[in-house]
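The values are calculated or read from the model by the stated rules, or taken from the named source; none is laboratory data. Since this is a predicted model, take the numbers as computed values, not measurements. All Cβ positions, glycine included, derive from the backbone under ideal geometry; neighbour counts span all protein chains shown. Protein only, heavy atoms only, side chains kept; ligands, DNA and RNA dropped before computing areas. Shrake-Rupley method; radii C 1.70, N 1.55, O 1.52, S 1.80 Å.
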Amino acid sequence: MKKVEIFTDGACSGNPGPGGYGVILRYGEHEKEISGGAEETTNNRMELTAAIEGLGCLKERCEVTLYSDSKYLIDAIEKGWVCKWKENGWMRNKKERAQNPDLWEKLLDLLERHEVKLVWVKGHDGHIENERCDALAVAQSQRFKK
(Lines give C-alpha, C1' and ligand atoms only; values in the text may rest on other atoms or scores of the structure.)
Protein backbone atom coordinates (compact mmCIF):
# COMPACT_ATOMS: atom_id res chain seq x y z
CA MET A 1 0.00 0.00 0.00
CA LYS A 2 1.28 3.47 -0.87
CA LYS A 3 2.15 5.74 2.06
CA VAL A 4 0.85 9.28 1.63
CA GLU A 5 1.02 12.35 3.83
CA ILE A 6 -1.78 14.91 3.68
CA PHE A 7 -1.49 18.30 5.37
CA THR A 8 -4.68 20.35 5.68
CA ASP A 9 -5.94 23.68 6.93
CA GLY A 10 -9.07 25.77 6.72
CA ALA A 11 -9.57 29.49 7.16
CA CYS A 12 -12.54 31.80 7.45
CA SER A 13 -12.72 35.59 7.51
CA GLY A 14 -15.54 36.03 9.97
CA ASN A 15 -17.30 32.92 11.14
CA PRO A 16 -19.43 32.58 9.09
CA GLY A 17 -17.90 34.46 6.22
CA PRO A 18 -15.71 33.91 3.18
CA GLY A 19 -13.49 30.88 3.67
CA GLY A 20 -10.85 28.74 2.09
CA TYR A 21 -8.94 25.53 2.50
CA GLY A 22 -5.45 24.41 1.60
CA VAL A 23 -4.03 20.92 1.18
CA ILE A 24 -0.61 19.48 0.51
CA LEU A 25 -0.44 15.86 -0.65
CA ARG A 26 2.95 14.15 -0.45
CA TYR A 27 3.91 10.77 -1.85
CA GLY A 28 7.64 10.15 -1.75
CA GLU A 29 9.30 12.96 -3.70
CA HIS A 30 6.02 14.10 -5.24
CA GLU A 31 3.94 16.95 -3.83
CA LYS A 32 0.67 18.46 -4.95
CA GLU A 33 -1.10 21.51 -3.54
CA ILE A 34 -4.83 22.04 -3.85
CA SER A 35 -7.06 24.78 -2.52
CA GLY A 36 -10.53 26.19 -2.83
CA GLY A 37 -13.11 28.12 -0.93
CA ALA A 38 -16.64 29.31 -0.45
CA GLU A 39 -18.24 32.72 -0.24
CA GLU A 40 -20.23 32.01 2.94
CA THR A 41 -18.96 29.25 5.21
CA THR A 42 -17.43 28.49 8.60
CA ASN A 43 -13.92 27.61 9.71
CA ASN A 44 -15.03 24.12 10.73
CA ARG A 45 -16.58 23.51 7.30
CA MET A 46 -13.31 24.53 5.65
CA GLU A 47 -11.27 22.27 7.97
CA LEU A 48 -13.48 19.31 7.06
CA THR A 49 -13.48 20.21 3.38
CA ALA A 50 -9.68 20.27 3.35
CA ALA A 51 -9.53 16.71 4.68
CA ILE A 52 -12.25 15.56 2.26
CA GLU A 53 -10.55 17.13 -0.75
CA GLY A 54 -7.16 15.71 0.22
CA LEU A 55 -8.42 12.17 0.74
CA GLY A 56 -10.62 12.48 -2.34
CA CYS A 57 -7.53 12.93 -4.54
CA LEU A 58 -6.34 9.41 -3.77
CA LYS A 59 -7.12 6.99 -6.59
CA GLU A 60 -6.40 3.79 -4.66
CA ARG A 61 -6.40 2.56 -1.07
CA CYS A 62 -3.47 4.16 0.77
CA GLU A 63 -1.86 4.32 4.17
CA VAL A 64 -2.38 7.99 5.02
CA THR A 65 -1.03 10.25 7.72
CA LEU A 66 -3.34 13.26 7.79
CA TYR A 67 -2.13 16.36 9.63
CA SER A 68 -4.58 19.01 10.83
CA ASP A 69 -4.59 21.85 13.35
CA SER A 70 -8.34 21.35 13.87
CA LYS A 71 -9.23 19.86 17.23
CA TYR A 72 -12.84 19.78 15.96
CA LEU A 73 -11.83 17.35 13.21
CA ILE A 74 -9.25 15.31 15.13
CA ASP A 75 -11.20 14.96 18.40
CA ALA A 76 -14.53 14.20 16.74
CA ILE A 77 -12.95 11.22 14.99
CA GLU A 78 -10.45 10.00 17.56
CA LYS A 79 -12.82 10.32 20.51
CA GLY A 80 -15.67 8.71 18.59
CA TRP A 81 -17.97 11.72 18.79
CA VAL A 82 -18.82 11.74 15.09
CA CYS A 83 -19.90 8.08 15.14
CA LYS A 84 -22.17 8.79 18.12
CA TRP A 85 -23.63 11.83 16.36
CA LYS A 86 -24.34 9.72 13.29
CA GLU A 87 -25.89 6.89 15.35
CA ASN A 88 -28.13 9.48 17.04
CA GLY A 89 -29.43 10.91 13.78
CA TRP A 90 -26.83 13.69 13.74
CA MET A 91 -27.76 14.92 17.19
CA ARG A 92 -25.04 15.81 19.71
CA ASN A 93 -27.51 15.37 22.54
CA LYS A 94 -31.30 15.36 22.91
CA LYS A 95 -31.60 19.06 22.03
CA GLU A 96 -28.54 20.00 20.00
CA ARG A 97 -27.98 19.07 16.34
CA ALA A 98 -24.50 18.10 15.21
CA GLN A 99 -23.02 20.61 12.79
CA ASN A 100 -21.93 19.74 9.24
CA PRO A 101 -23.46 16.25 8.88
CA ASP A 102 -23.13 16.48 5.08
CA LEU A 103 -19.37 16.88 5.34
CA TRP A 104 -18.98 14.33 8.13
CA GLU A 105 -20.77 11.72 5.97
CA LYS A 106 -18.30 12.32 3.12
CA LEU A 107 -15.32 12.25 5.44
CA LEU A 108 -16.41 9.05 7.19
CA ASP A 109 -16.78 7.35 3.80
CA LEU A 110 -13.28 8.41 2.78
CA LEU A 111 -11.81 7.32 6.11
CA GLU A 112 -13.20 3.82 5.52
CA ARG A 113 -11.48 3.61 2.11
CA HIS A 114 -8.00 4.23 3.49
CA GLU A 115 -5.90 3.44 6.54
CA VAL A 116 -5.73 6.88 8.11
CA LYS A 117 -3.67 8.04 11.06
CA LEU A 118 -4.64 11.51 12.28
CA VAL A 119 -2.01 13.85 13.69
CA TRP A 120 -2.85 17.15 15.36
CA VAL A 121 -0.37 19.98 14.82
CA LYS A 122 -0.43 23.29 16.61
CA GLY A 123 -1.54 25.97 14.15
CA HIS A 124 0.49 29.12 13.54
CA ASP A 125 3.46 27.57 15.30
CA GLY A 126 6.03 27.34 12.52
CA HIS A 127 5.03 23.91 11.17
CA ILE A 128 6.14 24.41 7.55
CA GLU A 129 3.35 22.46 5.83
CA ASN A 130 0.66 23.82 8.14
CA GLU A 131 1.83 27.37 7.46
CA ARG A 132 1.72 26.73 3.71
CA CYS A 133 -1.78 25.22 3.92
CA ASP A 134 -2.89 28.22 5.96
CA ALA A 135 -1.50 30.59 3.30
CA LEU A 136 -3.38 28.68 0.59
CA ALA A 137 -6.59 28.75 2.63
CA VAL A 138 -6.36 32.46 3.47
CA ALA A 139 -5.63 33.32 -0.16
CA GLN A 140 -8.77 31.45 -1.22
CA SER A 141 -10.88 33.19 1.42
CA GLN A 142 -9.63 36.57 0.18
CA ARG A 143 -11.07 35.88 -3.29
CA PHE A 144 -14.58 36.35 -1.87
CA LYS A 145 -14.00 39.59 0.05
CA LYS A 146 -16.07 42.47 -1.20
Any of 3/122; 71/106; 59/145; 3/145; 79/145; 95/145 with alpha carbons more than 30 Å apart? Name them for me. 59/145; 3/145; 79/145; 95/145
Helical segments meeting 20 Å axial Cα length and Kyte-Doolittle -0.5 threshold in the chain (DSSP H): 128-142
Accessible surface ranking that places the most exposed of 128, 6 first, with a 1.4 angstrom probe: 128, 6
Using square roots of five times the C-alpha gyration tensor eigenvalues, list the equivalent-ellipsoid semi-axes of segment 69-146 in whole Å, biggest first. 27, 17, 12
Histogram of C-alpha separations across segment 97-138, 5 Å bin width, %: 5, 17, 16, 14, 26, 19, 3, 0
With all distinct Cα pairs included, what does the Kirkwood hydrodynamic radius of the chain come out to in Å, to one decimal, could you say? 15.3
Which semi-axes, in whole Å and largest first, does the equivalent ellipsoid of segment 32-81 have when worked out from the alpha carbon gyration tensor as the square roots of 5 times its eigenvalues? 19, 18, 8
Could you grab the relative contact order for the chain? Cα pairs under 8 Å, six or more apart, rounded to a whole percent. 35
Taking only DSSP H segments of four or more residues, each worth -39500 (n - 2.57), what value at 222 nm results for the chain once the sum is divided by all its residues, to the nearest 500 deg cm²/dmol? -12000 deg cm²/dmol
Compute the projected area of the convex hull of the Cα atoms of segment 24-108, averaged over all viewing directions, and report it in nm² to one decimal place. 6.6
Length-normalised contact order for segment 1-77 - Cα pairs under 8 Å, 6+ apart - percent: 38
Reported to the nearest 10 Å², residue 30 has, with a 1.4 Å probe, an accessible area equal to 130
Around residue 135, with a cut-off of 12 angstrom between Cβ atoms, what is the net charge of the other residues, counting Lys and Arg +1 and Asp and Glu -1? -4
Non-local amide H neighbours of residue 98 (under 5 Å, H modeled in plane, Pro and chain starts lacking H): which ones? 91, 92
Residues whose placed amide H lies under 5 Å from that of residue 64, excluding near-sequence neighbours: 4, 115, 116, 117
